[in-house]
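**Q** Supplied in structure tokens, the structure appears directly below.
Read-outs throughout are calculated quantities, based only on the coordinates presented, and are distinct from any laboratory measurement. Source: prediction; values computed, not measured. Don't worry about glycine lacking a Cβ; one is built from the backbone with ideal geometry, like all the others, and counts go over all protein chains shown.
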Amino acid sequence: MIEHNIVLPREFVMIGRGIILIEDAGSRLDPHFNITGELEHFAKKMVSQKFSPGNLVSGGFNYIVEIEHLLKDLPDRLNSTLDKVEKGELEINMNHSGLDELKDQLSISLIVSALLVGSSIAILADKGPRVWDISAIGFFGFLISAVLGIYIIIKFIRTEK
């Protein structure tokens, strides 16, 4: 099933497992036990009830009533919406969850990028105080970039879960 990317709902798997267990227990008690024959009766009964003319007619009637209400209200609702568009009163509100967190991560990523570029320039300039024979400004810039980079990676891993 994994080969074909088919995923069965958990409930189906549990029903199948239950049927297999019942088949096993039934065949141990009675070698002529056939669960398929036993289930066939119930399956036919369920299908005949679901697709009986009475159920189909009542379901179809309810569907027609819903369509009637929809079609009856549609012109008024459409006119109301078009009036709002003409008057410029139509507002569309969109709420995207997680956008603020994405904005924060992007801001920190840009800061890290700027620190890395600035630190590289400071090291290449070879001016100012030195730490371990490299520019102190560049060294501390790389250090801060590393800490913020690790923070971004940890935050990314946590949001993926």
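**Q** Apply 1/(1 + (r/R0)^6) to the Cβ-Cβ distance of Leu99 and Glu68, taking R0 = 30 Å, and write down the FRET efficiency to the nearest 0.05.
**A** 0.15
**Q** Still on this structure, please answer the following. Quick one: helix 10-29 against the long Cα principal axis of the chain, what's the angle to the nearest 10°, folded into 0 to 90?
**A** Roughly 50 degrees, rounded to the nearest 10.
**Q** Looking at (1) 68; (2) 28; (3) 46, which value of percent of Cα pairs over 30 Å apart comes from a calculation on the structure shown?
**A** Computed from the coordinates, percent of Cα pairs over 30 Å apart corresponds to (1).
**Q** For Lys155, list the aspartates and glutamates whose Cα falls under 18 Å from its own Cα; do not include residues on the same chain fewer than 8 positions away.
**A** Qualifying aspartates and glutamates at Cα under 18 Å: Asp100, Glu101, Asp104.
**Q** Mind giving me the FRET efficiency for Ile157 and Asp133? R0 is 41 Å, r the Cβ-Cβ distance, nearest 0.05 is fine.
**A** The formula returns an efficiency of 0.70 here.
**Q** Next up: How far, in degrees from 0 to 90, does helix 35-50 lean away from the longest principal axis of the Cα atoms of the chain, to the nearest 10?
**A** Value to nearest ten degrees: 90.
**Q** Here's another thing I want to ask about it. What value does the range 10-50 have for Rg/Rh, both radii from Cα atoms and Rh as Kirkwood defines it?
**A** Using only Cα positions, Rg/Rh for the range 10-50 is 1.06.
**Q** Using alpha carbons only, how many degrees (0 to 90, rounded to 10) separate the axis of helix 53-87 from the longest principal axis of the chain?
**A** 40
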